[in-house]
Amino acid sequence: MKENTTIKKNLFLAQIAILSALIIVMTFVPYVGYISYGALSITLIHIPVIIGACLLGVKAGGLLGAVWGISCIIKAVTAPPSPLEGIIFRNPLIALIPRILMGLAAGLMMYLLGKKSKVLGAVTASIAGCLTNTVLVMGGIYLIYGDKYGEALNISSISFGGLTNYILAAFGINAVIEIAVAIIISIPAVKAIKPKLIGK
């Protein structure tokens, strides 16, 4: 029994290490984890976080989200894609907290629904994770850095005719694409998971 527990623990740590390494590579290698357009980026780094949350559970999802957030902060400090991103994404309220919460949200949805249907669990985990990340990141940017963000985009007024419309449009684009990509990739990944691992 003790030996089996040790094996499971080592397997868990190995899987966390592999997914963490993937997240770090996707964060720092250009055009691998982010697809930039204008002042915004569509992220692909949420995918290993969601898959890890589905495979290893809620706590693992939060841990992998933290790895993503910390990597994002380090990149913003050491090698930001732009001066504006260097300012915005060194803030833990923008870069860290939303990523932890998105991993927890994805893991929770898989825990609640994955035992009934792995496909349903993967779909809801993808939707919950992506929406949590996008809403909190874009909302935080709007609330904390609205003026600077508007200036960078040549939008002088934070109003429904200016920055707000831009943020809402960007949210719609980012959320739809990121959810679609996450679902397409996570479903076959989760189908390969042994049933006894679901929700653990």
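Brief remarks on what is shown
- Distance between modelled label sites at ALA79 and ASN10, nm, 7 Å Cα→Cβ extension: 3.4 nm
- With a threshold of 30 Å on the Cα-Cα distance, the over-threshold entries among LYS75/LYS118; LYS59/LYS118; LYS75/LYS116; LYS75/LYS191 are LYS75/LYS118; LYS75/LYS116; LYS75/LYS191.
- With each label modelled as a point 7 angstrom along the Cα→C-beta vector, the ALA192-VAL32 pair spans 1.9 nm.
- Between the range 1-34 and the range 47-74, the Cα center-to-center distance that results, in Å: 9 Å
The numbers here are math on the coordinates, done by the rules we state, and not lab data. If you're wondering where the values come from, they're calculated on a predicted model, not measured in any experiment. Because the Cβ atoms are built from the backbone with ideal geometry, glycine has one as well, and the counts that use them run over all protein chains shown.
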